[in-house]
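A quick write-up on the structure given underneath.
The values are calculated or read from the model by the stated rules, or taken from the named source; none is laboratory data. Treat the numbers as computed from the prediction; the structure is a model and nothing was measured. Heads up, the Cβs are rebuilt from the backbone with ideal geometry, glycines too, and the neighbour counts pull from every protein chain shown. Accessible surface is based on the protein model in full, side chains and every heavy atom, while ligands, DNA and RNA are left aside. Shrake-Rupley method; radii C 1.70, N 1.55, O 1.52, S 1.80 Å.
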Amino acid sequence: MFRNQYDTDVTTWSPAGRLFQVEYAMEAVKQGSAAIGLRSKTHVVLACVNKANSELSSHQKKIFKVDDHIGVAIAGLTADGRVLSRYMRSECINYSFTYESPLPVGRLVVQLADKAQVCTQRSWKRPFGVGLLVGGLDESGAHLYYNCPSGNYFEYQAFAIGSRSQAAKTYLERKFESFMGSSRDDLIKDALFAIKETLQGEKLKSSICTVAVLGVGEPFHILDQETVQQVINAHEIVEEEASAEQEAAAAADQDAPSADEAAPADQGIAPMDI
Amino acid sequence: YPYVTGTSVVGVKYKDGILMASDMGASYGSTLRYKSVERMKPIGKHSLLGASGEISDFQEILRYLDELILYDNMWDDGNSLGPKEVHSYLTRVMYNRRNKFNPLWNSLVLGGVKNGKKYLGTVSMIGVHFEDNHVATGFGNHLARPILREEWREDLSYEDGVKLLEKCMRVLLYRDRSAVNKIQIAKITEEGVSISKPYSLRTFWEFNAFRNPTVGAEGSW
């Protein structure tokens with residue numbers, strides 16, 4: 001995207017009917033490190049890549065427990081993500097207190113989306129620069145939602161956001177039809193495989209990724225490093241498994257963003273409409 | 001302070017759901033002023049609320065619940081508030097008013113069935129709340145609950161449940177000054193709520209004790 005005269009304010013439309021500030025916010029999500037989510041009928045698994053800035057520093061926390069039955073993985077401006085997680089936790093706990101019942105995920109997601117929409121229509125605010133993968137369990141089963149900075153939300157069988165997420169999405173697209181009936185352990189295995197896709201050439205270790213699970217009879221919790229490493233070892237999710245075609249597909253996907261920069265900013269579908 | 005009041009409500013769990021009974025009287029102090037007041041109302045798809053105490057406060061509570069159910073339906077998302085949620089909500093409302101020294105002068109009985117699970121609970125005007133297999137308000141606490149403690153069992157049939165409730169209501173009719181002989185029995189199951197048409201109980205006033213009430217009492221002849 002090029003800089004242009006319609007992108008200073010979130011309350012300024014471009015002649016092509018786009019809100020550039022919102023689109024820039026979604027760019028921020030694409031630059032963040034990868035997060036993926038997938039679900040079956042009874043379980044949801046969230047996983048993300050956790051790279052520390054240097055060997056001396058600790059990792060950014062990107063997966064948050066919102067309630068026993070809801071968890072969220074974020075990509076983008078983690079500070080914005082923390083604020084939204086705090087909001088979600090507060091909504092859940094207030095509902096629990098009044099109704100002694102867990103807040104249905106679908107309703108939380110709508111409230112979150114409305115909160116994001118407000119920031120796209122006030123001149124003194126800016127859109128949240130974070131994408132949220134919300135996984136939760138309610139009466140109608142397990143659900144996975146994606147909340148955009150634009151205020152849109154969609155329900156998914158499986159999804160990936162953040163940098164190099166296209167590689168993970170390709171993997172998930174191949175496998176997603178079987179997810180509904182998958183066992184909990186198969187879901188975790190598939191999540192780690194998808195994470196591996198986003199690591200270009202790097203070895204998958206439990207120290208650079210985080211995995212969280214929730215499901216029927218299993219409150220949301222983050223798996224500890226040992227358990228994750230065991231799953232990795234058990235399925236030998238290592239670099240050697242990547243076939244040549246997968247690496248070529250990943251390389252081809254990286255070309256797409258650079259092609260965007262060459263094209264004039266106002267052409268093409270606005271990302272938030274997809 | 002309450003002005004127009006309803007008397008006891010009695011509720012029991014039975015095989016298919018909940019049965020609740022109340023009379024149709026509303027007293028104005030010691031006058032039995034109104035005799036066709038429905039003190040039990042369905043709430044949403046899954047619940048039934050019965051109230052004793054100030055009738056205008058009951059009507060206010062029905063308005064609150066109406067709004068609550070409306071917003072719940074507006075979500076249009078396949079989730080709906082069950083009896084447990086309504087009961088917790090009412091508890092919060094009653095307790096909150098009590099803390100402001102402006103209580104809703106009611107004792108409520110909330111029953112319902114959702115996804116096969118039966119729920120029967122009660123909330124008082126000071127926010128005391130609990131759930132049980134059989135509950136009662138007002139005079140029912142003193143006269144009906146001992147009967148229920150003895151005679152309630154798991155998985156009562158509909159006929160047995162109604163007989164049990166009628167027994168309680170009959171005792172209340174004999175002994176509670178604010179009871180009237182026009183009762184309704186409400187049933188709630190997974191399929192929904194139905195409140196019976198009003199009917200009266202058969203009473204027997206020819207007991208010896210009734211014919212000559214003061215025989216044996218101190219200072220009487």
- Evaluation of residue B:90 against (1) closer than 27 Å to residue A:109 by Cα; (2) assigned to a loop (DSSP other than H, G, I, E, B) (one fails), failing number: (2)
- Task: Give the number of residues within segment A:159-182 that are open to solvent by 20 Å² or more (accessible area, probe 1.4 Å) and of a type in the set (A, V, I, L, M).
- Result: 1
- Message: Could you go through segment B:114-122 and let me know if any residue there is outside any loop (DSSP other than H, G, I, E, B), of a type in the set (A, V, I, L, M), under 26 Å from residue B:178 (Cβ atoms) and within 14 Å of chain A (Cβ to nearest Cβ).
- Response: no
- Query: Taking segment A:70-106 as the search range and keeping residues that are away from chain B (no Cβ under 14 Å), open to solvent by 10 Å² or more (accessible area, probe 1.4 Å) and of a type in the set (S, T, N, Q), which one is farthest from residue A:165 (Cα to Cα)?
  - Reply: A:90
- Message: Here is a check on your reading of the model: is residue B:37 in contact with a strand residue (DSSP E or B) (Cβ under 7 Å, 6 or more places away or on another chain), in a strand (DSSP E or B) and surrounded by 14 or more Cβ atoms within 10 Å (Cβ to Cβ)?
- Response: no
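How many residues does segment A:124-141 hold that are of a type in the set (Gly, Ala, Ser) and over 30 Å from residue A:9 (Cβ atoms)?
Quick first cut of segment A:124-141, residues of a type in the set (Gly, Ala, Ser) only: A:129, A:131, A:135-136, A:140-141.
Subset that is over 30 Å from residue A:9 (Cβ atoms): A:135-136, A:140-141.
Of the residues in segment A:124-141, 4 are of a type in the set (Gly, Ala, Ser) and over 30 Å from residue A:9 (Cβ atoms).
Suppose we filter A:130, A:134, A:109 for residues that are within 14 Å of chain B (Cβ to nearest Cβ), surrounded by 21 or more Cβ atoms within 10 Å (Cβ to Cβ) and under 16 Å from the mean Cα position of the chain (by Cα); which single one remains? Break it down into steps so the answer makes sense when it comes.
Working: A:130 fails: within 14 Å of chain B (Cβ to nearest Cβ); A:134 fails: within 14 Å of chain B (Cβ to nearest Cβ).
Result: A:109 is the single residue among A:130, A:134, A:109 that is within 14 Å of chain B (Cβ to nearest Cβ), surrounded by 21 or more Cβ atoms within 10 Å (Cβ to Cβ) and under 16 Å from the mean Cα position of the chain (by Cα).
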- Item | Unmet requirement for residue A:80, which otherwise passes all of (1) more than 24 Å from residue A:114 (Cβ to Cβ); (2) touching a residue at least 40 places away in the same chain (Cβ under 8 Å) | (1)
- Query: How many of the residues making up segment B:150-191 are over 22 Å from residue B:52 (Cβ atoms), open to solvent by less than 20 Å² (accessible area, probe 1.4 Å) and not in a loop (DSSP other than H, G, I, E, B)?
  - Reply: 1
